[in-house]
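Structure first, then comments.
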Amino acid sequence: MKNDKPGFATRAIHVGQEPDPLTGAVSVPIYPTSTYVQEEIGKHKGYEYARVSNPTRDRLETNLAALEGGVAAKVFASGMAAINAIITMLKSGDHVVAGHNLYGGTPRLFNQVFANFGVTFSYIDTSDVANVERAIQKNTRIVFLETPTNPLMELCDVRAISDLCHRHGVEVVVDNTFMSPYFQRPIELGADMVVHSTTKFLNGHSDGLGGVVVCTKPEQAEKLAFLQKAAGAILSPFECWLILRGVKTLAVRMVQHDCNGRKVAEFLSEHKKVQKVFYPGLPDHPQHALAKRQMSGFGSMIAFETGSLENANKMLRKVRVCSLAESLGGVETLISHPATMTHAAVGEEGRRKIGITDGMVRISVGIEDVVDILNDLDQALAAI
Ligand SMILES: Cc1ncc(COP(=O)(O)O)c(C=O)c1O
């Protein structure tokens with residue numbers, strides 16, 4: 001059978017993960033060095049100082065660029081450090097259009113850090129493309145999207161928004177953390193850059209922070225490499241190795257996350273203690289058709305409404321298989337309370353405007369036996 005381009009799982013395991021030329025080691029070596037010896041002034045093996053470059057980091061960047069279909073990837077110390085690098089590529093006077101429902105740390109960075117340096121931000125409902133067109137100004141440089149959004153699971157049409165933005169000379173950045181490149185590849189839909197918190201599905205084991213920007217143009221890669229060197233928020237070699245190890249199983253993990261996610265969403269949508277379920281895989285999700293078109297799976301991020309802070313707390317106190325914790329995308333099921341955790345920084349008024357209630361609970365369905373997750377949720381919901 002002819003196969004011009006290796007499949008996703010093959011690329012995840014092999015691109016950038018070739019055996020070490022020196023020893024034949026199958027696992028990419030970790031290079032914990034801060035500096036590299038030089039033979040004479042200016043003569044070295046391509047590495048000078050670890051803030052600038054590191055062989056383990058190079059391998060991870062090659063791998064992630066291949067998975068998202070970009071020309072290059074640059075990794076940073078966390079997802080927020082990666083988003084920080086993207087906005088640092090702008091200058092005072094530039095304008096950014098952003099989705100009104102983003103991970104809470106993203107508007108915190110925009111409003112409390114970058115606004116002080118003269119970058120301005122407009123927040124809009126990006127599920128309607130017409131809103132994006134209305135928000136674009138002469139000085140707009142970037143439209144920053146999250147799809148699906150955290151935690152409301154709203155989608156935006158990346159292809160339509162990219163077409164529109166390119167007509168206006170504006171670049172599109174997509175935070176693809178929730179879907180991973182296994183289920184959604186924004187660059188194939190027209191996006192100019194993709195950002196991830198690799199802390200989540202890409203690493204997949206809740207044991208290391210990281211972030212990546214995947215870009216489509218060599219000049220973006222150059223700027224990002226400059227920012228790694230100039231600002232220094234780089235990812236450590238050990239963390240790079242953890243992610244390289246994590247992505248080897250990304251394909252199988254995502255298949256199981258999706259399978260469990262669908263079952264948990266169905267279970268919750270039929271449960272009498274649950275008032276509403278937010279999951280793009282459910283046929284009554286307002287953007288179910290777009291989800292089917294734009295993503296090749298629905299993933300395992302689900303939000304649901306328990307009715308009140310008291311109800312949410314009653315159930316969250318009772319979970320045993322699921323862990324009440326911040327974060328998502330690990331093999332273990334994590335359950336969280338957006339109003340007091342991920343979206344505390346958005347403030348009560350901000351949350352009310354976009355529809356994050358005190359009774360909302362978010363679940364990142366893991367890959368345990370799904371019957372154990374369902375039984376755990378059932379017994380916890382009985383406390384309401
Ligand atoms: C969608 C999304 N983007 C970015 C981030 C920030 O990533 P990190 O925690 O690795 O800085 C998060 C963190 O939860 C997230 O959920």
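The values are calculated or read from the model by the stated rules, or taken from the named source; none is laboratory data. Just so it is clear, the model here is predicted, and its values are computed rather than measured. Note: ideal-geometry Cβ built from the backbone for every residue, glycine included; neighbour counts use all protein chains shown.
So here's what we get for this one:
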quantity: Residue satisfying condition, being of a type outside the set (A, V, I, L, M), surrounded by 19 or more Cβ atoms within 10 Å (Cβ to Cβ) and in a helix (DSSP H, G or I), within set 245, 253; calculated: 253
quantity: Residue within the stretch 363-378 that is within 16 Å of the ligand (Cβ to nearest atom) and assigned to a helix (DSSP H, G or I) present; calculated: no
quantity: Residue, surrounded by the fewest Cβ atoms within 10 Å (Cβ to Cβ), within the stretch 185-218, restricted to residues that are small (Gly, Ala, Ser) and touching a helix residue (DSSP H, G or I) at 6+ places or on another chain (Cβ under 6 Å); calculated: 190
quantity: Verdict on residue 59 being among the charged types (D, E, K, R), over 18 Å from the mean Cα position of the chain (by Cα) and surrounded by 18 or more Cβ atoms within 10 Å (Cβ to Cβ); calculated: yes
quantity: Number of the exception - residue 212 against (1) away from the ligand (no atom under 13 Å from the Cβ); (2) within 27 Å of residue 156 (Cα to Cα); calculated: (1)
quantity: Filtered residues of the stretch 100-148 (kept if among the polar types (S, T, N, Q), away from the ligand (no atom under 16 Å from the Cβ) and outside any loop (DSSP other than H, G, I, E, B)); calculated: 116, 120, 122, 131, 140
quantity: Any hit, the stretch 116-129, residues being at pLDDT 95 or above, out of contact with any helix residue (DSSP H, G or I) (no Cβ under 8 Å at 6 or more places or on another chain) and within 27 Å of residue 235 (Cα to Cα); calculated: yes
quantity: Among the candidates 225, 265, 221, 289, residue that is under 30 Å from residue 168 (Cβ atoms), away from the ligand (no atom under 15 Å from the Cβ), buried (at least 18 other Cβ atoms within 10 Å of the Cβ) and at pLDDT 95 or above; calculated: 221
quantity: Test result for residue 174, buried (at least 18 other Cβ atoms within 10 Å of the Cβ) and either more than 11 Å from the ligand (Cβ to nearest atom) or farther than 20 Å from residue 288 by Cα (or both); calculated: no
quantity: Tabulated pairs, the stretch 363-384, first more than 11 Å from residue 333 (Cβ to Cβ), second in a helix (DSSP H, G or I), C-beta under 6 angstrom, 6+ apart or interchain; calculated: 380/315; 381/315; 383/314; 383/315; 384/311; 384/314; 384/315
quantity: Search result, residues across the stretch 315-330 that are surrounded by fewer than 17 Cβ atoms within 10 Å (Cβ to Cβ) and either more than 16 Å from the ligand (Cβ to nearest atom) or at pLDDT below 95 (or both); calculated: 317, 320
quantity: Test: residue in the stretch 66-78 that is crowded, with 22+ Cβ neighbours inside 10 Å, modelled with pLDDT under 95 and within 16 Å of the ligand (Cβ to nearest atom); calculated: no
quantity: Pairs, first under 16 Å from residue 222 (Cβ atoms) in the stretch 67-93, second more than 12 Å from the ligand (Cβ to nearest atom) and part of a loop (DSSP other than H, G, I, E, B), C-beta under 7 Å, six or more apart; calculated: 70/216; 71/216; 71/217; 76/234; 90/119
quantity: Filtered residues of the stretch 186-206 (kept if in contact with a strand residue (DSSP E or B) (Cβ under 8 Å, 6 or more places away or on another chain), of a type outside the set (A, V, I, L, M) and more than 9 Å from the ligand (Cβ to nearest atom)); calculated: 186, 190, 192, 206
